[in-house]
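Colleague: After the structure tokens below, expect a handful of questions from me.
Bear in mind that the values in this text are calculations on the coordinates, not laboratory data. It should be emphasised that the depicted structure is a prediction, and the values quoted were computed from it without experimental measurement. Neighbour counts are summed over all protein chains in view; Cβ atoms, including those assigned to glycine, are modelled from backbone coordinates with ideal geometry.
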Amino acid sequence: MTARDPASLDLRHLDVTVEQQQRLHDIELHVLPGELIFIVGRQDSGKSSLLRAIAGLDPIAGGEIWIDEQEITRMKPAKRKIAMLSQSAPLWPHLDVGRNIAFALRGRGLRKAEVRSRTERELSTVGLAEFIKHLPAQLNASQQQHVALARTLCADSRVMLLDEPFSAQDPILHERLLQGLKRRLQHASITTLLTSEDPQEALRFADRIAVLHEGELLQIGSPQELYDKPAHRHVAEYFGNVNVIDGEIEIVGDQPLFHADNGIVIPVFEQAVKRARTGSAMFRPHDLRLVESGDEPFGDRIRLIGRVEHNEFRGNSIRYGVAVSGDTLWVDLPRKHDTLELEIGDSVVLGLDPAHVHILER
Amino acid sequence: MKRQQATSSTRALALMLVVLVGLLVGLPVLLLLITLSPGDSAAWVERHRLLLDGGLQQSWLYTLTVALAACVIASLVAIPAAFVAVRGDPLIRRTLITFGILPLAMPAFATAGLARDYFGGDGITAWAAMLPGPISPQDIMLTLVYAWHFLPLILLSLIAGLSRIDRKLSESAANLGASGFLILRRITLPLVTPSFILGAGLMMLKIIEDVGTPLILGVDHMLAPQILLQLSETSLADHLLANQLLLLLLMAVLITVFAWPALLPNGDNAEPADTCRWPRHPLTFTLAFGLTVSVSALVIAPYAWLLNKVRDANIDWPTLASSFGPEISLNGTLIAALGSGTMLALLGGLAITSMHQHGWQNRLARFTVAAIFALPGVMLAIAYQNLQTWIGDVAVFAWIALVFTVALKHLSLVPHLFANRPVGKPADLAYKLGWIAYTARLWLPAHAATIFGLLILGFTAMLLELSAALVLITQAPPPLAMALFQELQSPGGPIAGTTLTLWLVVAILIGLGGTLASLRPSAQPRTHQTKKRATDKPAAAENPS
């Protein structure tokens, strides 16, 4: 696979309805050439439907799909030059592993010897060279997934759609495979959409992440953007535990202030929220810190007094549930061997930097 | 239904199937083989001379040619119809499967009677005269009747095979740039070939062992009528007859040994696939609708013809019940049909269960079913008749043998027609229940359609069985199928209303069975867990807010 001009992919107001059921609604997505975008969301959020629609396997009810300057909305799947690997990674059961891969190489004017050497090379890449004559039924699920991925990569498409490509792999191998895949996709300049249900994996490997929820695209952005500044509560919750406090926004002078329903007041530094009247203040458990007795009285932190209700061992940190003004806030504190851990019932003072507070508008 | 890990009880079931089949089929066939073996060197020489006999070769050649030609003609209709059934509208699929099952409840000789009455005059003769070579009108009629009547065997088998091809297989190929034709040639056709072989093979074997149709159409050089004729005139010691039977046995062995891996490869992987459907388009719908109507008309025609005969027969309905005369053994037929249905349900259940296990029991069950598939029914009936000479003359033996023959012969249909009715077993729920509660609350409701289908198949197969009945039931009163056959042998004559009343019952039963067979029960019985899953919303786990 050699480097060449990567392709861009544009989805314009895409609606997909399958068997009278709307799967996707008004999807607007612009994928830059050579970009690796993770499509994330919970089960049945429409991730696979999106890939199937782009590949031409499900009919489009509305909207357009473009690759570079060419519209492919009504084009047959075989003509789109988009390779897709579906989740179950089906290999053709009557063809051996070698022929499964060679199928993707046909029609390119390659000689038999070239097809064979390319097949062997692809299989060596995934560590299955000795299985070239095996039937798919003789491989385990993980090996089948490897072969299916090798077959898809053989297709030399400029756009690739991968539907949870390593779901059958164990977690350690999973990470290594993703690293290898990303390197290869970058080297070959392949524009890729990859679905995943693992938010941590998306945060680590994606160039950008698109979050789908019940058929709608909630947000697309860089991993940092989605983690720190989610546009929607679902997005915030998807990427890990989050503290959310409902309240109202009041503009005092030029400064917006967030008045939580439980009485906490937080100055807001995000200019965009000035328009909103109600909203939710959101911050992550690691944004809270424990205020020690020797700390400066205020600094730039908001002080919250509470009582420990719950603790949870998490390896390198401990998560505490702290009751503050009637709400429970989650706090992640690093685990230190020289300090005592908090006990349930302990009174604590928590510090929160308002700059880490993100307002979710309603 | 995915294959399950075998347990000791399922292994015992597989062994039970093999032992039962060994006793019921293997032993009689072995004894027949001993009877047919030449006693001395002079007999060997005579057998060898007769093997090269032109008459024997001609009979085999003629039978195989007719069977092959009928298969080709039936395939020309069945292949597109199967694609229409699987890829087209679900209503079309249900219609084709329901009507496709109807001919299984109608003997081929009834279709022959219809063809003889409508086309047996000048029309077919004049048409046949235009054909080159030594092809007679009867040859054409025979071939067409077989193609017409046994078409559903290929159709149903292909529908079952195509339904199991997961759409993701063809979608993967399309995503790799393969055209529709390439997908058909490289993916779909190779995957559906075993199902086609099964359907076509079953059709050819049915034709080879059929007696009634050639006799109704006045063709006397087909293999099965010749064997029957010789059986009535000579004994099994006759060299020509022995040669024919040994050749049939050899054919059965060859089919079993060489074809069993291909015959039922999908019987053990019967999870319903997410099959590809054609987009709704007026042109495809019109074509599919036209094809469905044509196929349905073909299979309904014999029923309509017989119904018309009922109308012409001027039945005296008030005295209908008392008109079942001593010329038909109605009670015997019905009891035998019940026995056949029950036995098929039992053996079919064993076969299906054994085929869904991993390991040797799966291969053993498949080999056993394939061996029964390859053995012509006439052959099995003759083996039972021969057994009678070993165990002595027992009054009801002939009827019991008939029941065994019919049930065993239809066992090969079971994995293909019924095994694709998936029944999921929620393991956690089943584990908590005792076996009686599990059987009553989960197993029976889930398998009810399959059990009912097997009972109906065995019941109706017995009602229409002629070839085996002609071999085994040599004394009056004959079973129902023989009575109908005798009535149809007189062209244009009225049909006894009593007989046809029964055929109406059969038609209704089969209609019901067909409708049941066309249903696709859900992969999992509905339990509180599945209900919960359906309404589950993504939960913000651990989130305090």
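Colleague: Where does helix A:141-154 land angle-wise versus the long Cα axis of chain A, in degrees 0 to 90, nearest 10?
Modeller: Tilt of helix A:141-154: around 70 degrees.
Colleague: Got the relative contact order for the range A:9-237 handy, in percent, Cα pairs under 8 Å and 6 or more residues apart?
Modeller: 28 percent
Colleague: Another one. Of the trypsin sites (Lys or Arg not before Pro) in the range A:129-192, which ones lie in a loop per DSSP and count no more than 15 other C-beta atoms within 10 Å?
Modeller: Here the sparse-neighbourhood loop sites are A:K133.
Colleague: So how do A:D68, A:D327 line up by other beta-carbon neighbours within 10 Å, fewest first?
Modeller: A:D68, A:D327
Colleague: Select from the range A:1-85 those GluC sites (Glu not before Pro) which occupy a DSSP coil region and have at most 13 other Cβ atoms within 10 Å, ordered by residue number.
Modeller: A:E19, A:E69
Colleague: Right, something else. Using the alpha-carbon atoms, what tilt in degrees (0 to 90, nearest 10) does helix A:171-187 show relative to the longest principal axis of chain A?
Modeller: Helix A:171-187 and the main axis of chain A meet at about 70 degrees.
Colleague: While we're looking at this one, here's another question. Using only the alpha-carbon atoms, how far is helix A:112-125 inclined from the longest principal axis of chain A? Give it as 0 to 90 degrees, nearest 10.
Modeller: Tilt of helix A:112-125: around 20 degrees.
Colleague: Along each of its three principal axes, how wide is the spread of alpha-carbon positions in the range A:241-361, in whole angstrom units, largest first?
Modeller: 46, 27, 23
Colleague: Could you tell me the distance between the Cα centroids of the range A:184-251 and the range B:335-387, to the nearest Å?
Modeller: Between the Cα centre of the range A:184-251 and that of the range B:335-387, the gap is 59 Å.
Colleague: Could you work out, residue by residue across A:229-237, how many beta carbons of other chains sit within 10 Å of that residue's beta carbon, and then give the average as an integer?
Modeller: Shielding by partners across A:229-237 averages 2.
Colleague: Considering only C-alpha atoms, what is the centroid distance from the range A:59-104 to the range B:171-248, in Å?
Modeller: 40 Å
Colleague: Please get the size of the charge dipole for the range A:1-108, origin at its Cα centre, with Cβ charges of +1 on Lys and Arg and -1 on Asp and Glu, quoted in debye to the nearest 20.
Modeller: 580 debye
Colleague: Also, quick follow-up: Have a look at the DSSP beta bridges in the range A:241-361 and tell me what percent are antiparallel, nearest 5.
Modeller: 100 percent
Colleague: Counting DSSP beta bridges in the range A:9-237, what percent are antiparallel, to the nearest 5? Present the calculation step by step, with values, prior to reporting the outcome.
Modeller: Numbers: 20 of 38 bridges.
Looking only at bridges with both residues in the range A:9-237, the antiparallel portion is about 55 percent.
Colleague: Given an 8 Å cut-off on Cα distances and at least 6 residues of separation, report the relative contact order of the range A:241-361 as a percent.
Modeller: 31 percent
Colleague: Place a +1 charge on the Cβ of each Lys and Arg in the range A:9-237 and a -1 charge on the Cβ of each Asp and Glu, then give the dipole magnitude about the Cα centre in debye, rounded to the nearest 20.
Modeller: 1280 debye
Colleague: May I ask which residue of A:S317, A:I305, A:S347 lies farthest towards the positive end of the charge dipole of the range A:241-361, with charges of +1 (Lys, Arg) and -1 (Asp, Glu) on Cβ and the Cα centre as origin?
Modeller: A:S317
Colleague: Sort B:S340, A:S157, A:S8, B:S235 so the one with the fewest other Cβ atoms within 10 Å of its own Cβ comes first. The partial results should precede the final answer.
Modeller: Numbers: B:S340 28, A:S157 23, A:S8 17, B:S235 11.
Arranged by neighbour count, lowest to highest, B:S340, A:S157, A:S8, B:S235 become B:S235, A:S8, A:S157, B:S340.
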